[in-house]
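Each reported figure results from applying straightforward, stated rules to the coordinates on display, with no laboratory input. This is a predicted model, so every value here is computed, not measured. We place every Cβ from the backbone using ideal geometry, glycine too, and count neighbours over all the protein chains shown.
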Amino acid sequence: QVQLVESGGGLVQPGGSLRLSCAASGRIFSIYAMGWYRQAPGKQRELVATITNGGNTNYANFVKGRFTISRDNAKNTVYLQMNILTPEDTAVYYCNADLRTYNYWGQGTQVTVSS
């Protein structure tokens, strides 16, 4: 089992920044990659960014140049730095741990971009 605890969501004005954190515990040695997904009201959950245990990253086209995913292996934590936020980024953001044979999800953290 892997437990994921997200933090860092909130309300921000357009053009602002937020940093999300996801702390992993449990069978962390089995994790191949971690990532962030988001789900806006009435829409399907979509990939935002992922990072493998080797440090390889992958981003959705709509966040390239604005968001940065990183990880601190010593703290078993993955971060998502989000800059130049727009109202279209409003969603619940979920942390994901990919163990290849199974995926674990965090409880989600709300990000609201509004003036």
* Mind giving me the nanometre distance, one decimal, between the label points for Gln107 and Ile84, set 7 Å out from Cα along Cα→Cβ? => 3.4
* Structure fact -> GNM on the chain, Cα springs under 10 Å; top mean-square fluctuation among Ser21, Ser70, Ser30 goes to Ser30
* **Calculated from backbone phi, Karplus (6.51, -1.76, 1.60) coupling profile of region 102-115 in Hz, x at Gly/Pro** => 7, 10, 10, 10, x, 7, x, 9, 7, 10, 10, 10, 7, 8
* **Among Leu18, Ile31, Gly65 - extreme Cα towards positive end, dipole of region 12-93, charges at beta-carbon** => Ile31
* Before anything else, pin down the relative contact order of the chain: Cα pairs under 8 Å, at least 6 apart, normalised by residue count, whole percent. => 37
* When only C-alpha pairs under 8 Å and at least 6 residues apart count, what is the relative contact order of region 54-115, in percent? -> 24
* To do: Go from 0 up to the bin containing the longest alpha carbon distance in region 14-103, width 10 Å each, and give me the % of pairs per bin.
  => 16, 51, 27, 5
* To do: Per residue of region 31-41, in order, report the coupling 6.51 cos²θ - 1.76 cosθ + 1.60 (Karplus, θ = phi - 60°) as ³J(HN,Hα) in whole Hz, putting x for Gly and Pro.
  => 6, 8, 8, 10, x, 10, 10, 9, 9, 8, x
* Given the C-alpha centroids of region 12-64 and region 68-115, what is the distance between them in whole angstrom? -> 4
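Ignoring the sites themselves, what is the longest stretch of the chain with no trypsin sites (Lys or Arg not before Pro) in a DSSP loop and at most 11 other beta-carbon atoms within 10 Å?
Values: sites that count: Lys43, Lys64, Lys75, Arg100.
In short, 1-42.
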* Estimated vicinal HN-Hα couplings, Hz - region 46-58 in sequence order (Karplus 6.51, -1.76, 1.60; Gly, Pro = x) -> 10, 6, 10, 6, 9, 9, 7, 5, x, x, 6, 10, 9
